[in-house]
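Asks: Okay, handing you the structure first.
What follows is calculated from the coordinates using simple rules that are stated; it is not laboratory data. In this text the structure is predicted, and so the values were computed from the model without any measurement. Ideal geometry is used to build each Cβ from the backbone, glycine not excepted, and the neighbour counts take in all protein chains shown.
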Amino acid sequence: MRIINAINIIDDDTITVFGIRKLITTVAECNDIKTYNNGKLALNKLRDIIANNETLPDIIFLDLNMPIMDGWEFLEEFIALPIEKIIKINIVTSSINKEDRDKSELYKCRTHHCLSYNTKPLNVEEMKIMTTPL
């Protein structure tokens with residue numbers, strides 16, 4: 001079983017968060033899984049981590065539709081942060097909208113981070129891919 005140092009889940013839906021956590025445990029071992037119910041909380045924490053030179057997450061699971069700061073707003077600010085490490089960002093959304101998928105492709109071109117677009121519900125095979133090290 002693969003070992004992952006740290007994972008962030010940014011999603012306001014507690015059932016989705018529970019499901020992601022459950023799927024992670026079937027394919028990987030991670031003792032540091034933090035959850036945030038909007039992008040602003042996660043972004044503030046990531047800024048603190050950078051300022052304090054602490055360890056950044058290896059993987060982020062990101063919902064698009066959230067209150068306060070949605071996934072797109074989070075991505076916009078996240079990719080501007082001074083982070084050299086490549087972080088795997090898994091967009092996890094219920095949106096099957098082609099415009100959202102196309103927009104995720106534009107973000108892929110604008111960042112060195114590894115970005116993927118995934119629709120809910122997730123399954124074990126998808127989770128294996130989303131938690132595979134870079």
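Asks: Relative contact order for the range 2-130 using alpha-carbon pairs under 8 Å, separation at least 6, rounded to a whole percent?
Replies: 25 percent
Asks: Another one. Sketch the reach of a paramagnetic label on residue 134 as a point 7 Å from Cα along Cα-to-Cβ, and name the residues of the range 96-110 whose backbone nitrogen lies under 20 Å away.
Replies: Under cut-off, by backbone N: 104-110.
Asks: Quick one: 3J(HN,Hα) in Hz for the range 79-96, Karplus 6.51/-1.76/1.60 with θ = phi - 60°, rounded, Gly and Pro as x.
Replies: Ordered by residue, 3J(HN,Hα) equals 5, 8, 6, x, 10, 7, 4, 8, 10, 7, 10, 9, 5, 10, 9, 8, 6, 9 Hz.
Asks: Now for a different question. Can you tell which of 57, 82, 67 shows the greatest fluctuation in a Gaussian network model of the chain with Cα springs below 10 Å?
Replies: Ranking 57, 82, 67 by mean-square fluctuation puts 82 first.
Asks: Moving on. Taking only Cα atoms and a 10 Å spring cutoff, compute GNM fluctuations for the chain and point out the largest among 74, 61, 18.
Replies: 18
Asks: Please report the net charge: other residues with Cβ closer than 14 Å to the Cβ of residue 131, K and R +1, D and E -1. Working shown, then result.
Replies: Values: positive: 2, 21, 22, 88, 128; negative: 29, 32, 58, 125, 126.
Around residue 131, the surrounding residues sum to 0.
Asks: For the pair residue 81 and residue 26, how long in nm is the line joining their label points, each one 7 Å along Cα→Cβ?
Replies: 2.9 nm
Asks: Tell me the label-point distance for the pair residue 123, residue 96, using the 7 Å Cα-to-Cβ offset, in nm and rounded to one decimal.
Replies: If labels sit at residue 123 and residue 96, their model points lie 1.5 nm apart.
Asks: Ranking request for peptides 48-56, 125-133: highest mean number of other beta-carbon atoms within 10 Å first, then the rest in descending order.
Replies: Descending packing order for the listed peptides: 125-133, 48-56.
Asks: Report the residue, chosen from 63, 12, 102, that carries the largest GNM mean-square fluctuation when the chain is represented by alpha-carbon nodes joined by springs under 10 Å.
Replies: Highest fluctuation among the options: 102.
Asks: Where the only charges are on Cβ atoms (+1 Lys, Arg; -1 Asp, Glu), what is the dipole of the chain about its Cα centre, to the nearest 20 debye? Display every interim value, and only then the final one.
Replies: Values: 16 positive and 20 negative charges, 54 e Å.
The dipole of the chain has a size of about 260 debye.
Asks: Ok, one more. Take the eigenvalues of the Cα gyration tensor for the range 77-122, scale each by 5, and report the square roots as semi-axes in whole Å, largest first.
Replies: Details: eigenvalues 88, 28, 11 Å².
Largest first, the range 77-122 gives 21, 12, 8 Å.
Asks: I've got another one for you. Taking amide H atoms as placed 1.01 Å from N in the peptide plane, list the residues 5 or more away in sequence, or in a different chain, whose amide H sits under 5 Å from that of residue 62.
Replies: 10, 90, 91, 92
Asks: Got a sec? Which residues in the range 53-82 would a label at residue 110 touch, if it sits 7 Å along Cα→Cβ and we count backbone N under 13 Å?
Replies: Within reach of a label on residue 110, which here means backbone N under 13 Å from a point 7 Å along Cα→Cβ, the range 53-82 contributes 71-81.
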